[in-house]
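Comments concern the structure below.
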Amino acid sequence: MEFNKMSWELAFLGFMFLGGICKADGATHFYDFVLKETNFTRLCGTKSILTVNGSLPGPTITVQKGDTAFVNVHNQGLYGLTIHWHGVKLPRNPWSDGPENITQCPIPVGTNFTYEINFSTEEGTLWWHAHSDWTRATVYGAIIILPAANSTYPFAMPDAQETLILGSWFEGDVMEIIEDALATGGEPNISDAFTINGQPGDLYSCSNETTYRWLVDSGKTYLLRVINAVMNEEQFFAIADHNLRVVAQDAAYIKPITTPHIMITPGQTMDILVTVNQPPSHYYIASTSFVDGNVPFHNGTTTAILQYNGNYSTPSTTPFPTLPDHNDDTAAENFTKQVRALASEDHPISVPLNISTSMYIAVSINERICADSSCAGPDGNALSASLNNISFQTPSISVLQAYYGGNINGVYATNFPDIPPYFYNFTGDVANNTLYPSFGTRVRMINYGEGVEIVFQGTSVLAAENHPMHLHGFSFYLVGTGSGNFNSTTSPTTYNLVDPPEVNTIGVPKNGWAAIRFVADNPGVWFMHCHLERHSSWGLDTVLIVRNGNTSESTIRGPPAYMPPCSNS
């Protein structure tokens, strides 16, 4: 493209002289992402969707551990938006993290912004996606982080690799869907299909001829990278007649798990070894919802085809995998409880044992009272959501830019509570306890280097269900989960402090709890939210601000030469 040379020279000089470039031992990569409207035909109809470089999914970023990538995003779309590098820690560099009005304001239409993506300890599969309203429905793609030079996988080298991204397809305009829902206070429309690499598959109308096909050679072992980019549903995933050997989750290695199916939440990634050792034929790959709450969801099944190369007769019937029922929480739990860190000499972990910051966060779906019961939600009110009874309100100025300037104009308050406003039977008959939350932009300040434990407590307020919680800027250790209410005396005795998985997104069990730990060693402003998009839109979010340490290596970097302006776009 004509703009490449000049735009890259300006972007690079800006980072060099005004923002600074973090020293890295790895290679440097450059990408151009052009956001633009593109016509796509799915489910018997054609519509315009926002894409990167005209493709769905968007381009894959491929690096080695320790590399740096500069991604110049040119916004030729219809509205401002941002991009987030999901699971990348970005040491000391929250300026490139991306959540709208948390670390930056939207990139205005007709302009560009360059992200500097610093890869540190991540190794495996992550992903990138838009982080403005519901634009991530079509703006997403894979990040593949290969082992560093002179190192390799902790398993036999696979013969080849494949990436499958699970997504959602809406026949309506996704921005209008969420805007209408927030205006009326009701549930947003559910998706019309799930997709694998952008294709709904054989079980949806007008989709047979475009079903995604993964061509394989008999006898080979493939490294399959699965990403859940679905908007509002967790997913069961399987391949007919083939076992899945899961070896990594969220770009960190785990003790291998051999399983007929996985359960993967929105935001999560899994690396899976698949040996194609069945009679040469066609086999269905399938993914469908895991939803254990009494809530609206899309109950379809997306499919792809695993197709052996070679000469053989096309089967009259293609084998289909057995997937659990959509509400089979036992199947989901049986899989997730097996996940443990590899914790080897070459891939060690370091679970913090000295905890100086403890938070107990109730996760709830709520109501916002509407005058004259004029809204479309329950009781004539509007749906909302909260953490510790605070429904997050996204400010019009970036929290990071406000923080860096000394909380200009009082953009946020620093009194996010460490415990719920009062205690009740969170997972029992909650009556009207905390049905109506407070609203505000309240953040939690954390000192650099502190050991942090957060216990997420699911509640039965309005609607109990599994919540996939994601923290930007960190990987954390999932040290424990359980059903019912967390007990501060007995529940910690069940913790796994030896080999808990190191992840960036976890599912908080329906009517249960999940405990995570991490060291606050990444100064900056970091978003924490539910990765079910409707819940995040309702306010199931907050921000953790990690203060600077006492050295330059523990201090947030200065901003780049240019940040998108904080104005309506």
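By its C-alpha gyration tensor, with a ≥ b ≥ c as the square roots of the eigenvalues, how is region 464-509 shaped: rounded for a/c under 1.5, else prolate for a/b larger than b/c, else oblate?
Oblate is the answer for region 464-509, as a/c is 1.5 or above yet b/c matches or exceeds a/b.
Dividing the Cα convex hull volume of region 98-247 by residue count, how many Å³ per residue is that?
182 Å³
Quick one: Cα convex hull volume of the chain, Å³ per residue?
Cα-based convex hull of the chain, divided per residue, equals 153 Å³.
What accessible area, in Å² to the nearest ten, does a 1.4 Å probe give for Arg534?
Ignoring ligands and nucleic acids, Arg534 comes out at about 10 Å².
Just reorder Val73, Val109 by solvent-accessible area, largest first, 1.4 Å probe, all chains present.
Greatest to least solvent exposure: Val109, Val73.
Search the structure for amide H atoms under 5 Å from the amide H of Gly512, placed 1.01 Å from N in the peptide plane, and list their residues when 5 or more places away or on another chain.
Gly458, Gly484
Give me the Debye-computed log₁₀ of I(q)/I(0) at q = 0.13, 0.16 Å⁻¹ for region 343-473, equal point scatterers on Cα only, no solvent, two decimals.
-0.70, -0.96
How large, in percent, is the carbon and sulfur part of the accessible surface of the chain at a probe radius of 1.4 Å?
48 percent
Can you pull the accessible area of Ser48 for me, 1.4 Å probe, Å² to the nearest 10?
Accessible surface of Ser48 is approximately 60 Å².
At 1.4 Å probe radius, can you tell me the per residue accessible area of region 81-232 in Å²?
30 Å²
Give me, ordered by chain and number, the residues 5 or more places off Val230 or on other chains with an amide H under 5 Å from its own placed amide H.
Gly267
Tabulate in residue order the Karplus-calculated ³J(HN,Hα) for region 85-94, using 6.51 cos²θ - 1.76 cosθ + 1.60 with θ = phi - 60°, rounded to whole Hz; enter x for Gly and Pro.
9, 5, x, 7, 6, 6, x, 6, 10, x
Any chance you could list the semi-axes, whole Å, largest first, of the equivalent ellipsoid that the Cα gyration tensor gives for region 422-505, using √(5λ)?
Output for region 422-505: semi-axes of 25, 19, 13 Å.
Rounded to the nearest 0.05, what FRET efficiency do Ser344 and Thr555 have when you use their Cβ-Cβ distance and R0 = 35 Å?
Once the sixth-power term is evaluated, E becomes 0.60.
Under 5 Å between amide hydrogens, which residues at least 5 positions from Thr82 or on another chain qualify, with H placed 1.01 Å from N in the peptide plane?
Residues meeting the amide H criterion: Ile107, His131, Ser132.
The values are calculated or read from the model by the stated rules, or taken from the named source; none is laboratory data. These numbers come from a predicted model, not from an experiment. FYI the Cβ positions are ideal-geometry reconstructions off the backbone, even for glycines, and counts take in every protein chain you see. Quick note on the areas: whole protein, heavy atoms, side chains included, nothing else; ligands and nucleic acids left out. Shrake-Rupley method; radii C 1.70, N 1.55, O 1.52, S 1.80 Å.
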